[in-house]
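Chemist: I'd like to ask you about the structure that follows.
Derivation of every value follows stated rules applied to the coordinates shown; laboratory data play no part. Note that the structure is a prediction, hence the values are computed from the model and not measured. Virtual Cβ from ideal backbone geometry, glycine too; neighbours counted across all protein chains shown.
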Amino acid sequence: MRRPILAANWKMNMNSAEVSAFTNQFIPLVANADEVDIVIAPPFTLLDRLANEIAGTAIQSAGQNVNPEESGAFTGEIAAGMLADMGCAYAIVGHSERRALFGESSEFVARKAAALLRHEISPIVCVGETLEQRDAGRALEVVETQLRESLAGVSGDQAEQVVVAYEPVWAIGTGRTATPEIAQEVHGHIRSQLSAQFGDAGNRIRIQYGGSVKPETVYDLMSQPDIDGALVGGASLDPIAFSRIVLFQSQRNQ
Ligand code: 13P
């Protein structure tokens with residue numbers, strides 16, 4: 001069975017005092033959640049503070065981005081080795097906000113994923129179609145292309161370390177969650193593609209859903225056969241809401 005992975009993407013939010021306020025509330029609420037992986041991706045400036053707060057717990061931290069180069073004259077960028085130094089176990093790559101607002105291509109995302117794997121950090125590789133692409137009947141094709149190009153540098157024995165996040169752009173920050181059936185259709189397609197590319201290892205890769213996930217919607221999403229986790233934006237800023245998402249098993253009939 002694939003171990004569920006619930007991840008918070010704080011995006012460009014929070015400061016150091018807010019990190020401590022969050023963890024003080026959140027850690028006791030999830031103390032018994034030992035059957036899931038819990039990940040928090042704060043802004044880079046808060047990774048050190050977060051690492052101190054979560055020391056001794058099973059919670060893991062993640063970068064929200066990475067530059068594929070090892071080091072050098074890349075003002076403003078952060079390398080994979082620097083994330084490893086901060087204790088990150090994961091890093092998000094290819095988020096739709098980076099693809100849309102910063103013009104990042106899948107080829108660039110592939111280089112980032114490869115750099116992370118060199119440092120034994122698991123890439124959380126995001127893919128997802130826009131509303132226009134969905135309305136044109138192209139959702140599966142768009143996701144398939146993004147995924148193939150973004151995973152181009154991943155070898156068979158690295159495959160299991162990768163996490164894929166399906167985040168339909170039209171569901172991000174809009175309050176419009178994909179129905180569990182719509183999400184499963186795409187997750188099932190991603191699963192076939194991963195199995196075709198990586199064989200058995202493809203079956204062990206976890207696929208998260210992201211886009212307006214809330215405590216009230218997480219149980220039904222997680223009940224789908226190929227939805228193995230959630231990547232949560234807005235609701236992850238609230239320690240109570242994110243703890244309820246982590247404890248998705250107890251959210252049935254909410
Ligand atoms: P929301 O949960 O705010 O829709 O954000 C989803 C997301 O982009 C997570 O990476």
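Chemist: Please find, among T75, T45, the residue that is outside any loop (DSSP other than H, G, I, E, B) and surrounded by fewer than 21 Cβ atoms within 10 Å (Cβ to Cβ).
Modeler: Details: T75 fails: outside any loop (DSSP other than H, G, I, E, B).
Exactly one of T75, T45 is outside any loop (DSSP other than H, G, I, E, B) and surrounded by fewer than 21 Cβ atoms within 10 Å (Cβ to Cβ), namely T45.
Chemist: Just give me the residues in the range 185-244 being of a type in the set (V, I, T) and closer than 17 Å to W170 by Cα, in sequence order.
Modeler: To start, the set of residues in the range 185-244 that are of a type in the set (V, I, T) comprises 186, 190, 205, 207, 213, 217-218, 227, 232, 240.
Correct list: V186, V213, T217, V232.
Chemist: Quickly run through the range 93-134 and pick out the residues that are away from the ligand (no atom under 14 Å from the Cβ) and at positive phi.
Modeler: Within the range 93-134, G103, E120 meet the criteria.
Residues are listed down the side, and each one gets a yes or a no for (1) in contact with a strand residue (DSSP E or B) (Cβ under 8 Å, 6 or more places away or on another chain); (2) over 19 Å from A230 (Cβ atoms); (3) acidic (D, E); (4) buried (at least 20 other Cβ atoms within 10 Å of the Cβ):
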| residue | (1), (2), (3), (4) |
| --- | --- |
| P4 | yes, no, no, yes |
| N13 | no, no, no, no |
| S16 | no, yes, no, no |
| S20 | no, yes, no, no |
| A33 | no, no, no, no |
| I40 | yes, no, no, yes |
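Chemist: Only one of (1) within 15 Å of the ligand (Cβ to nearest atom); (2) assigned to a loop (DSSP other than H, G, I, E, B) fails for V154. Which number is that?
Modeler: Unmet for V154, out of (1) within 15 Å of the ligand (Cβ to nearest atom); (2) assigned to a loop (DSSP other than H, G, I, E, B): (1).
Chemist: Follow-up. Can you find a residue in the range 85-100 that is surrounded by fewer than 16 Cβ atoms within 10 Å (Cβ to Cβ) and in contact (Cβ under 8 Å) with a residue 60 or more places away in the chain?
Modeler: yes
Chemist: Next question. Taking the range 157-199 only, how many residues are basic (K, R) and in contact with a strand residue (DSSP E or B) (Cβ under 9 Å, 6 or more places away or on another chain)? Write out each step before concluding.
Modeler: Our first condition is that a residue be basic (K, R); within the range 157-199, this holds for 176, 191.
Applying the additional criterion that residues be in contact with a strand residue (DSSP E or B) (Cβ under 9 Å, 6 or more places away or on another chain) yields 191.
Of the residues in that region, 1 qualify.
Chemist: Take the residues in the range 192-201 that are in contact (Cβ under 8 Å) with a residue 12 or more places away in the chain and surrounded by fewer than 20 Cβ atoms within 10 Å (Cβ to Cβ), then tell me which one is nearest to the ligand (Cβ to nearest atom).
Modeler: Restricting attention to the range 192-201, the residues satisfying the condition of being in contact (Cβ under 8 Å) with a residue 12 or more places away in the chain are 193-194, 197-199, 201.
With surrounded by fewer than 20 Cβ atoms within 10 Å (Cβ to Cβ) added as a condition, the list becomes 193, 197, 199, 201.
Values: Q193: 21, Q197: 23, G199: 29, A201: 24 Å.
The residue in question is Q193.
Chemist: Please find, within the range 207-254, the residue that is nearest to the ligand (Cβ to nearest atom) out of those that are of a type in the set (K, R) and more than 21 Å from A58 (Cα to Cα).
Modeler: At the first step, the residues of the range 207-254 found to be of a type in the set (K, R) are 214, 244, 252.
Keeping just the survivors that are more than 21 Å from A58 (Cα to Cα) gives 214, 252.
Working: K214: 8, R252: 21 Å.
Across the range 207-254, the extreme among qualifying residues is K214.
Chemist: I would also like to ask the following. Considering each residue of the range 52-72, count those that are in a helix (DSSP H, G or I) and either surrounded by fewer than 16 Cβ atoms within 10 Å (Cβ to Cβ) or among the basic types (K, R) (or both), and give that number. Spell out how you get there, then give the answer.
Modeler: Initial filter on the range 52-72 (in a helix (DSSP H, G or I)): 52-54.
Imposing the further condition that a residue be either surrounded by fewer than 16 Cβ atoms within 10 Å (Cβ to Cβ) or among the basic types (K, R) (or both) reduces the set to 52.
Qualifying residue count for the region: 1.
Chemist: Residue by residue through the range 157-178, note down the ones that are in a helix (DSSP H, G or I) and exposed (fewer than 15 other Cβ atoms within 10 Å of the Cβ).
Modeler: Just the residues of the range 157-178 that are in a helix (DSSP H, G or I), to begin with: 157-161, 169-171.
Result: D157, single match.
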